[in-house]
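The values are calculated or read from the model by the stated rules, or taken from the named source; none is laboratory data. These numbers come from a predicted model, not from an experiment. As a convention, Cβ positions derive from the backbone with ideal geometry for all residues, glycine included, and neighbour counts pool all protein chains shown.
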Amino acid sequence: MENLSVASVLLGRKRIRLPGNRPLRISMGGSLVVLGCFGFLPVLGFWMIPLGLLVLSVDFHPVRRFRRRTEVWWGRRRQGRRRGRAKP
């Protein structure tokens with residue numbers, strides 16, 4: 001039986017567990033977003049911004065709404081492409 005109190009996000013078909021401590025999640029997500037802004041540097045990357053927003057979406061409703069809208073948009077887009085391929 002899976003513990004529902006553990007924070008996690010679903011990325012594709014894989015569930016990724018996050019720290020249970022809310023301040024730690026917020027600082028981790030915020031750090032990823034801020035450091036992602038320095039993506040032009042060799043070690044850091046712009047990939048950190050969406051990852052940080054994904055982590056922050058567990059605790060912040062506006063970010064969660066944005067993530068959900070993006071998921072729905074992406075799903076409809078993929079569904080439309082599949083239909084387009086099926087037509088001869």
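Select, from S31, S57, S8, S27, the only residue that is within 10 Å of the chain's Cα centre (by Cα) and without any contact (Cβ under 8 Å) to a residue 60 or more places away in the chain.
Every option except S57 fails the conditions.
Specify the residue that is surrounded by the most Cβ atoms within 10 Å (Cβ to Cβ); the eligible residues are those in the stretch 64-85 that are in contact with a Ser or Thr (Cβ under 9 Å, 6 or more places away or on another chain) and without any contact (Cβ under 8 Å) to a residue 12 or more places away in the chain.
Initial filter on the stretch 64-85 (in contact with a Ser or Thr (Cβ under 9 Å, 6 or more places away or on another chain)): 64-68.
Imposing the further condition that a residue be without any contact (Cβ under 8 Å) to a residue 12 or more places away in the chain reduces the set to 64-65, 68.
Details: R64: 15, R65: 11, R68: 11.
The residue in question is R64.
What are the residues in the stretch 7-33 that are at pLDDT below 90 and closer than 27 Å to G75 by Cα, if any?
Matches in the stretch 7-33: A7, S8, V9, L10, L11, G12, R13, K14, R15, I16, R17, L18.
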